[in-house]
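Take a look at the structure below.
Read-outs throughout are calculated quantities, based only on the coordinates presented, and are distinct from any laboratory measurement. What you are looking at is a predicted structure, and each value in this text was computed from that prediction instead of being measured. Using ideal geometry, Cβ is built from the backbone for each residue, glycine included, and neighbour counts are taken over all protein chains shown.
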Amino acid sequence: MKKRMLEVNDLTVRAPGPTGGKILVDGIDLVIRQGGLFTLIGETGSGKSIVAQALTGTLPEELSPSGRVCFDGVDILRLSAHERRSLWGRKLFLLPQEPERALDPTMKVAAQVEEIFKVLRYSSRRKAREETRRLFARLGLSASNEGRRYPCQLSGGMNQRVLFAMALASPANFIVADEPTKGLDPLLKRRVTDLLGELNRLGKTVFCITHDLLVARRLGGNLAVMFRTRIVEKGPAEIVLERPSHPYTQGLFQALPENGLHPIPARMLQEMQGV
Amino acid sequence: MGRLIRVITSRLVQGFVVALAVASLTFVVVNVTPGDLALQIAVARHDLESVTPAMVEQIRKEEGLEGPVMRRYFRWLARTLRFDLGCSLVNGRPVGEELIHRFSYTARLAGAGLLVSFLLAVPLGIASGIRPGRGVDRFSELLSSVLTALPSFVIGVFFVLVFAIKLHWLPAAGFTGIRHMVLPALTLGIGLAALSTRIVATAVADVRSRFYYRFARMKGLGGMHLILRHGIKNAAIPVLTLLGIQFAHLLDGAVVIETLFAWPGMGRFLLEGILARDIPVVQGAGLLIGFTYVAVNMAVDVLCVALSPSRNPGEAPP
């Protein structure tokens, strides 16, 4: 059994307010092992993004988390803001949703990857350039062509791949991808999902948050289904997706286009809320 | 590269149009003001008592002030296009030579003023932009509004009173040494810094709020690398654009400040020309100011394109 990279025990996040505040995330338990691939799936407002923020230390200040989020043996909820920031790029890498907004508009994309090697891996200029060229080639980009362009001169898909090159360049082994396929067309969605799998094969531990069952199915690995602040079902992706046991997960499947696009009945949702 | 050439050519064409407009306007303004020009020149050269009608007619003939306005305009325009700015009506010296001499003084003052404003605005603006709404930001905002509201001659007179008359540290007027430049440069620089500090602060705060800046931080970058590579460069674009606009203020300010400190620059030359109704001087100075303005804006545009080839000059960052 591989070592535990991330262990979440009883993570609860409350919004500020009277009588303790509204519960946004309720008693989450998760274990992700080194080199693993984990998908957290849930609808908008289920609290999955709050979980990602708690994991990466980007939770808004007014939210008060409780429980434990042990990352590499350190409980990051007990760290100061400064200590949490020191993990960024070194221990964990947050793969953002929109590459156009994440890339510096006035810097050539290859240089934005090279600087990770230089600053975080202390590589020489030459080595940084060489490593970047290698990563670009692996992701189907050319360092001498696309690399010399600015983000606005590249397509969304290419910029997306530049972000993946950054994730690979980073010394961080734990990659958190928050809705990496949001707003993408089906073809691009499949490519991005495959790139996430590629990151995992290259040795990174990947934690992916999505609302898309198809992404979860294509990724594989372990899966947790989040519904109304709680995790309602978890296990290896193929088992959960093959034989969903929770009514919400079953409902999600019925709602897939190939299964007839049946909406989840409101009555069922109301019943489940009482659970 | 093609974009750079396009920017330069469009600016050159623009420069020509501006020069033509400036020149024509000064010609029109000088010609529609009431009073007999030839008589005024005669008075300026001799004195009121000794001027005779014969002298006035002679001057009218010599200086080409006779005939219909349009013919005079085209004759003058043709000369100007050959870079012949004519001679001063008052002292008969060639305007071109005098302009170059005077311009070198204004350039020195403008350069020193810009340096002062940079030394004040960049550190103060960055410090304000990094922590918006905090102490430094509040302080610089208050200082900026007060200084923007004060006309530069008030600041200048204040400096003269304190540093020249009271403390005797620096000379109040003149142009023989670098010590003479301190007070006019400070007056000009502080006036410029009042506005540019806020622009730098806004630009820095804006870049910091952008997702690419936060993401650069999440990539693990920090400290000076983050500020220099991802902060300053992006913030520099609006600041540089402003610098071009401020240049107009710089030239306006030069008239006031040069007069106040008896600095022999272009501004004073223009003012003297206007007061003496010395048309070639006014037209020449107007042309040079117009040209300088266009040249500075072209330089700014080229710099902006070089910093970010992805955008059109002047366009705000997305």
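Summary of the geometry: region B:72-106 and region A:178-225, compared by the centres of their Cα atoms, lie 72 Å apart. In region B:1-114, taking the dipole from charged Cβ atoms about the Cα centre, the farthest positive-side position among B:Leu37, B:Gln58, B:Thr106 is held by B:Thr106. Note: relative contact order over chain B, using C-alpha pairs below 8 Å and six or more positions apart, is 27 percent. Rounded to the nearest 0.05, what FRET efficiency do B:Glu62 and B:Ser24 have when you use their Cβ-Cβ distance and R0 = 22 Å? Plugging the Cβ-Cβ distance into 1/(1 + (r/R0)^6) gives 0.40.
Under a point-charge model restricted to the Cβ atoms of Lys and Arg (+1) and Asp and Glu (-1), what is the dipole moment magnitude of the protein assembly as shown relative to its Cα centre, in debye to the nearest 20?
Value, rounded to 20: 2100 debye.
Between the residues B:His225, B:Val204, B:Gly191, the greatest Cα displacement towards the positive end of the dipole of region B:167-226, with unit charges on the Cβ of Lys, Arg, Asp and Glu, is found for B:His225.
Taking the charge dipole of chain A about its Cα centre, with +1 at Lys and Arg Cβ atoms and -1 at Asp and Glu Cβ atoms, the residue from A:Leu213, A:Leu188, A:Gly35 reaching farthest to the positive side is A:Gly35. From the Cα gyration tensor of chain B, with a ≥ b ≥ c the square roots of its eigenvalues, which class applies: rounded if a/c is under 1.5, or else prolate if a/b is larger than b/c, or else oblate? Here chain B falls in the oblate category.
Over the protein assembly as shown, dividing the summed -39,500 (n - 2.57) contributions of all DSSP H runs of at least 4 residues by the number of residues returns a 222 nm mean residue ellipticity of -18000 deg cm²/dmol. Here region A:64-220 is treated with +1 on each Lys and Arg Cβ and -1 on each Asp and Glu Cβ, and its dipole about the Cα centre works out to around 500 debye. Using Cα centres only, tell me the gap between region B:152-207 and region A:232-248 in whole Å. One Cα centre to the other: 73 Å.
Counting other Cβ atoms within 10 Å as a rough exposure proxy, the listed residues B:Val13, B:Val162 run B:Val13, B:Val162 from fewest neighbours to most.
Within chain B, the selection of entire DSSP H helices by a Cα span of 27 Å or greater along the long axis and an average Kyte-Doolittle value of at least -1.0 returns B:2-32, B:95-130, B:179-209, B:233-260, B:279-307. Is the C-alpha gyration tensor of region B:1-122 telling us rounded, prolate or oblate? Criteria: a/c under 1.5 is rounded; beyond that, a/b larger than b/c is prolate, otherwise oblate. Oblate. Listing B:Leu183, B:Leu114 from fewest to most neighbouring C-beta atoms within 10 Å gives B:Leu114, B:Leu183. Anisotropy class assigned to region A:121-182 is oblate, per the alpha carbon gyration tensor with a/c at or over the 1.5 cut-off and a/b no larger than b/c. When each of the peptides A:120-131, B:19-30 is scored by how many other beta carbons lie within 10 Å of its residues on average, the order from highest to lowest is B:19-30, A:120-131. About the centre of its Cα atoms, region A:88-172 shows a dipole size close to 400 debye [charges on the beta carbon of Lys, Arg (+1) and Asp, Glu (-1) only; nearest 20 debye]. With a Förster radius of 35 Å applied to the C-beta separation of B:Leu275 and B:Leu77, the computed FRET efficiency comes to 0.90. Within the same chain, aspartates and glutamates fewer than 8 places from A:Lys48 are excluded, and of the rest, those with a Cα less than 20 Å from its Cα are A:Glu7, A:Asp10, A:Asp26, A:Asp29, A:Glu61, A:Glu62, A:Asp75, A:Glu98, A:Asp178, A:Glu179, A:Asp212, A:Glu233. When each of B:Ile5, A:Ile239, A:Ile28, B:Ile257 is scored by the number of other beta-carbon atoms lying within 10 Å, the sequence from fewest to most is B:Ile5, A:Ile239, A:Ile28, B:Ile257. For the residues of A:110-119, the average number of beta carbons from a partner chain within 10 Å of their own beta carbon is 3. Measure nothing but the geometry: give the 0 to 90° angle between the long axis through the Cα atoms of A:109-120 and the longest principal axis through the Cα atoms of chain A, rounded to 10°. So the helix axis and the longest Cα principal axis differ by about 80 degrees. Here the gap between A:Lys2 and A:Arg148, fully extended at 0.36 nm per residue and compared with their Cα-Cα distance, gives a gain of 48.6 nm. Using a simple spin-label model with pseudo-atoms 7 Å out from Cα toward Cβ, A:Glu62 and A:Glu258 lie 4.4 nm apart.
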